[in-house]
Structure formats: structure tokens, C-alpha cells
């Protein structure tokens with residue numbers, strides 16, 4: 001951490017971290033697009049990509065649950081609609 005970073009206010013730090021999250025979501029979207037191609041190339045018999053997507057989905061549900069306070073079951077119901 002640089003001297004400048006130690007002098008940031010809470011809202012400045014929040015804003016910087018939120019911008020990081022937005023950028024990471026963009027990268028995730030790009031990587032998902034690449035992953036789509038690999039999954040299609042492997043075909044219906046290979047479950048690796050499906051397992052990875054299950055992990056990613058579960059992790060994202062954990063994040064949404066933590067940020068929103070909405071219970072996991074509620075989020076699962078929302079996704080099944």
C-alpha cells in the first residue's frame with residue numbers, strides 16, 4: 001500500500017474497490033464467452049465445464065447473499081423463474 005492509499009477516505013476506498021469489481025465483472029463476462037467456446041468444443045459428454053459453471057454460480061450466489069442479505073433459497077427461487 002502506498003502513502004497515498006493510506007490517506008484515502010472510506011468512501012474513496014469504497015469507490016476504488018467498486019470500480020475494481022465492475023472491471024472484474026467485465027473480465028468475467030469475457031472469460032465466460034471464451035469458456036462457452038471450450039464447452040461447445042468438448043460437447044455433451046464432457047461435464048467439466050458444467051461443473052465449473054456450478055461452482056461459479058454457487059460462488060456468485062454466496063456473494064449476492066452476502067451483499068443483499070437475501071437468503072440463498074430466495075435467490076435460488078429467483079434463478080429458477
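Data table
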| read-out | value |
| --- | --- |
| Nitroxide proxy distance, nm - points 7 Å out along Cα→Cβ at residue 44 and residue 81 | 3.2 |
| Label assignment, Rg and Dmax of the Cα atoms in Å derived from the structure, set (1) 12.1, 39; (2) 18.4, 61; (3) 17.5, 54 | (3) |
| Degrees separating the helix 48-68 axis from the principal Cα axis of the chain, which is the longest one | 40 |
| Order of 35, 55 - criterion: other Cβ atoms within 10 Å of each residue's Cβ, fewest first | 55, 35 |
| Using a Förster distance of 22 Å, the FRET efficiency for residue 54-residue 21 (Cβ separation, nearest 0.05) | 0.50 |
| Hydrodynamic radius (Kirkwood) for the range 1-43, which is based on Cα pairs only, to one decimal in Å | 12.7 |
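Coordinate-derived values only; no laboratory data. What you see is a predicted model, and the numbers here were worked out from it, not measured in a lab. Note that each Cβ is placed from the backbone with ideal geometry, even for glycine, and that neighbours are counted across all protein chains shown.
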